[in-house]
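The values are calculated or read from the model by the stated rules, or taken from the named source; none is laboratory data. On a predicted model such as this, the values are computed, not experimentally measured, just so you know. Cβ atoms come from the backbone with ideal geometry, glycine included; neighbour counts cover every protein chain shown.
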Amino acid sequence: MKIVKGNPQNIGNPLICRVSKKKSWIGSKNTVLVTRENPKLLWGYSGVITTKSVNVTKPSVSEISDSDFDTLFDGDIVKINSDGMIQVLWENKSHQNVFFMTDYCNSACIMCPQKSVSLSRSYHELNQKILSLLSSSDEVKHICFTGGEPTLCLDNLVELLHGCKTKFPSTPVSLLTNGKLLSDFSIAKKIVEANSNIMFCIPLYAPTDIEHDLIVGSEGSFQQTIKGLYNLARLKAPVEIRVVMIKQNYDRLVDLAEFIFRNMPFVAHIALMGMECSGVASKNLNDVWVDPIEYQAQLRQCVIELHRRAMNVSIFNLPYCLLPKEMWRFSRDSISEWKKTFQDSCTSCIKIDHCAGNFATSTRQSRYLKPIIE
């Protein structure tokens, strides 16, 4: 999430507003004006974000730097906190916007990039507010639903999926779920019927229950996920299998490719993903970390096996310099813009404009990162 620091004036409760840079003498409710002008003569706006240093009693104001002014755009949805900090909840120009449903999960993956939580918390009210501030005329290219585990908030999830379908009838939706609750056919059907544009993105980490459940940290997960996948197949819902490559499974990638081909030929896409070393993964780093350069051979063979069998396969989250050259065509620029970074040496790389880059959030990077110069 992109964050802009600001100095507050007259901000009590946090404000959630839609950004406008088009000034009107009488502003609209639920809109925050972003301007380089003095806000004293502006009325009707929920708040003003300005580069001017002012002292006013109305409206609520957050003063930002001139450079930060250019990072906010018409149609963005922001939360202005009482300390003046501005969180960009929805970037109108981005294709990577997310509805975060809950931070609670019914798995305990050993390489999860988020912090573990003990209490379930829902963000439904916030998500409803964001959706209400979006205009049906907005050019929304893609929407992602994630968590925690989104299906744990089933009714809220279905309501929001249906709302997105109503407001943006042709916009693709990605639902990041472990698929375990989808083992109940009625739940899978309810979600599929809420929005016909969903791609179900479901992790599968190994070709056996013992290996997968060890990584997921929950006994019985493999069987539940497989049943969920077959329920989605019955419902003719598109499925993407996601495989995060870690020390516990990288030498099983070829066997996993065989398992997917033999048992799930219906999947629309397989994503082989580099690990984000943050959250739980960062705590377990010595146990789960393997430098991507060490599994090049296994990754190459896995991709070849799937591709030869006409299965749609991609590599996520790994820069070109950590991949065999023949694998470059399968690489995707997949890391969210706000947490994508490059080393200083990468500026001379001839592939930087299309490279997946690295996670700025990761506590460890490969020792083999280097610019490609020819």
Query raised in the report: Taking segment 225-261 as the region of interest, how many residues are more than 27 Å from Trp289 (Cα to Cα) and among the polar types (S, T, N, Q)?
Result: 1
Report task. Mind counting the residues in segment 119-151 that are farther than 25 Å from Lys29 by Cβ and surrounded by 20 or more Cβ atoms within 10 Å (Cβ to Cβ)? Result -> 6
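Residues that are of a type in the set (A, V, I, L, M): which strands (runs of 3 or more DSSP E) entirely in segment 77-179 hold 2 or more of them? Write out each step before concluding.
Numbers: elements: 77-80, 86-90, 97-100, 143-146, 173-176.
The qualifying strands (runs of 3 or more DSSP E) are 77-80, 86-90, 173-176.
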Query raised in the report: Residues in segment 265-276: is at least one touching a helix residue (DSSP H, G or I) at 6+ places or on another chain (Cβ under 9 Å), in contact (Cβ under 8 Å) with a residue 60 or more places away in the chain and among the charged types (D, E, K, R)?
Result: yes
Query raised in the report: Which residue, of Ile335, Ile373, is among the hydrophobic types (A, V, I, L, M, F, W, C), without any contact (Cβ under 8 Å) to a residue 40 or more places away in the chain and out of contact with any strand residue (DSSP E or B) (no Cβ under 8 Å at 6 or more places or on another chain)?
Result: Ile373
Report task. Consider Ser65 carefully, then state whether it is touching a Gly at 6+ places or on another chain (Cβ under 9 Å), under 17 Å from Ile16 (Cα atoms), at pLDDT 90 or above and exposed (fewer than 15 other Cβ atoms within 10 Å of the Cβ). Result -> no
Requested in this report: Could you check Asn317 against (1) more than 26 Å from Gln343 (Cβ to Cβ); (2) free of Cβ contacts under 8 Å to residues at least 60 places away in the same chain and say which number it fails?
Outcome: (1)
Report summary line: In the set Thr71, Thr31, the lone residue that is of a type outside the set (A, V, I, L, M, F, W, C), surrounded by 14 or more Cβ atoms within 10 Å (Cβ to Cβ), modelled with pLDDT of 85 or more and more than 30 Å from Phe359 (Cβ to Cβ) is Thr31
**Report entry** Leading residue by the ranking (surrounded by the most Cβ atoms within 10 Å (Cβ to Cβ)) among those in segment 176-221 that are more than 23 Å from Arg262 (Cα to Cα), in contact with a Ser or Thr (Cβ under 8 Å, 6 or more places away or on another chain) and not polar (S, T, N, Q)
**Finding:** Ile191
Report summary line: By my count, helices (runs of 4 or more DSSP H) wholly in segment 278-339 with at least 2 residues that are within 26 Å of Cys144 (Cα to Cα), in contact with a Ser or Thr (Cβ under 8 Å, 6 or more places away or on another chain) and of a type outside the set (D, E, K, R) are 280-283
Requested in this report: Kindly indicate whether Arg300 is surrounded by 16 or more Cβ atoms within 10 Å (Cβ to Cβ) and of a type in the set (Lys, Arg).
Outcome: yes
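Residues of segment 348-359 being part of a loop (DSSP other than H, G, I, E, B) and either charged (D, E, K, R) or loosely packed, with under 14 Cβ neighbours inside 10 Å (or both), which ones?
Within segment 348-359, Ile350, Lys351 qualify.
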Query raised in the report: If you go through segment 10-17 one residue at a time, do you hit one that is surrounded by 15 or more Cβ atoms within 10 Å (Cβ to Cβ), in contact with a strand residue (DSSP E or B) (Cβ under 9 Å, 6 or more places away or on another chain), at pLDDT 80 or above and more than 18 Å from Gln87 (Cβ to Cβ)?
Result: no
